[in-house]
Amino acid sequence: MSRYPVAFYFSAVEAFGKRIGAAECALDRFREMRDEYDRLFKAFDEAYKRTQKSELTEKIAALDKERDGYAYVMQKVAELWEKKLEDESLAVHGRRVSQVFRDYGFRTSEALVAENAKVHNMEQKLAERELVSDLQMMGLAELNRRLDNRTGQIEELMGKRNEEKSDVVVGELKAAREKLDGHYRSFVTYLNAVQELQPEESLSKAAQFYNADLAKIELQYQQSRKKGGKEEPEAEPEEAAEA
């Protein structure tokens, strides 16, 4: 799991904790290792959450909601002009603006970074003289100005939010992950040894369930790599304990 980005790694170690937490085993060593895993996972969880939190997140979300409203109204008004007006001299204004939204496949449900990029590309097109005239004709020039303005504000706040994730916080997360990962590996080795010497049905079921969890996480990870266009070496998902 060392190759996993932190979000996928979190899902895997959380799944392991849940499966092993539901397992029954009378061995003292098992309980000690499980308690230590719980402690290290909580420390990792807290460090992970600190990297995700920011007072700027709510401000960004509010600006994005405003921006989505401007974009939605612009697109719908343009489509109405295009489809509902019989006068071609008027409908053409809506058709040209609607086409910009279609060309870039604009959707307000996209991730912030993707939406930012699309707005910038659209604004370059909408800045052309003919389209500027179209927007003015349909009374959408002010909404377009606000759309562009809010995107700039969102990007600025996102930059500040990234700066807030200081090296100290990131360092804490890295250290917490390394400690948890080391114990996880030791725990898996121990569980496999128990299954060799003194098989426990409860541990076998936990291993089967966890391996199924890992298979799903691995599939999601591979799908995310394909979407991102990344070329990374293939690796097999890790297993918890032998069934």
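Every read-out reported here was derived from the displayed coordinates using simple, explicitly stated rules and does not represent laboratory data. Owing to the predicted nature of the structure, the values given are computational and were not obtained by experimental measurement. Cβ atoms come from the backbone with ideal geometry, glycine included; neighbour counts cover every protein chain shown.
For residues in region 73-106 being in a loop (DSSP other than H, G, I, E, B) and in contact with a helix residue (DSSP H, G or I) (Cβ under 8 Å, 6 or more places away or on another chain), which is farthest from R150 (Cα to Cα)?
Step by step, filter region 73-106, then rank; the result is L85.
What is the one condition in (1) of a type in the set (K, R); (2) over 30 Å from Y72 (Cα atoms); (3) touching a residue at least 60 places away in the same chain (Cβ under 8 Å) that R146 does not satisfy?
(2)
What number of residues within region 1-36 satisfy the criterion of being buried (at least 19 other Cβ atoms within 10 Å of the Cβ), touching a helix residue (DSSP H, G or I) at 6+ places or on another chain (Cβ under 6 Å) and not hydrophobic (A, V, I, L, M, F, W, C)?
Residues flagged as buried (at least 19 other Cβ atoms within 10 Å of the Cβ), touching a helix residue (DSSP H, G or I) at 6+ places or on another chain (Cβ under 6 Å) and not hydrophobic (A, V, I, L, M, F, W, C) within region 1-36 amount to 2.
Which ones in region 57-102 are in contact (Cβ under 8 Å) with a residue 60 or more places away in the chain and surrounded by fewer than 17 Cβ atoms within 10 Å (Cβ to Cβ)?
T57, K59, E66, V73
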